[in-house]
Amino acid sequence: MISDRSFGYGTSKAAQHIAAKNTAPVYFYEFGYSGNYSYAGFFDKKSYPRGSNVTHADETSYVLKVNGFSVYDNEEDRKMIKTMVNIWATFIKSG
């Protein structure tokens, strides 16, 4: 509920306002992959053990190298890196 109110609602309203003023399409994506590392787990390992939750900005470590996150240490996360880089690169190239 807090995430929906903090992120989902505000993001949705912002997109509606942008779409009302702009002719270009507005896109959303929701990252739902629960990998071995999470930003919340980095700060609170007891509440967010490895692979338990997806939190705000977790996808960043699958696109950019982030100090303290070794998402390269297992095959599943390496596959997600390839997927996320492909998604972002395709969007950059073609919209």
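The values are calculated or read from the model by the stated rules, or taken from the named source; none is laboratory data. These numbers come from a predicted model, not from an experiment. Note that we place each Cβ from the backbone using ideal geometry, even for glycine, and neighbour counts take in every protein chain shown. Accessible surface areas use protein heavy atoms only, side chains included; no ligands, DNA or RNA. Shrake-Rupley method; radii C 1.70, N 1.55, O 1.52, S 1.80 Å.
Within the stretch 53-73, is even one residue assigned to a helix (DSSP H, G or I), of a type outside the set (Phe, Trp, Tyr) and over 13 Å from the mean Cα position of the chain (by Cα)?
yes
Pull out all pairs, ordered by first then second residue, where Cβ-Cβ is under 7 Å, the residues are six or more apart or on different chains, the first lies in the stretch 10-37 and is under 26 Å from THR83 (Cβ atoms) and open to solvent by 70 Å² or more (accessible area, probe 1.4 Å), and the second is of a type outside the set (S, T, N, Q) and assigned to a helix (DSSP H, G or I).
Here the result reads PHE28/ALA15, each pair linking the stretch 10-37 to a residue that is of a type outside the set (S, T, N, Q) and assigned to a helix (DSSP H, G or I).
Filter the stretch 5-28 down to residues that are within 20 Å of the chain's Cα centre (by Cα) and of a type in the set (Val, Ile, Thr) and give me whichever is farthest from HIS56 (Cα to Cα).
The residue in question is VAL26.
Among the residues of the stretch 56-63, are any among the hydroxyl-bearing types (Ser, Thr, Tyr), farther than 19 Å from ALA89 by Cα and either surrounded by 11 or more Cβ atoms within 10 Å (Cβ to Cβ) or modelled with pLDDT of 75 or more (or both)?
Looking for residues that are among the hydroxyl-bearing types (Ser, Thr, Tyr), farther than 19 Å from ALA89 by Cα and either surrounded by 11 or more Cβ atoms within 10 Å (Cβ to Cβ) or modelled with pLDDT of 75 or more (or both), one finds none in the stretch 56-63, hence no.
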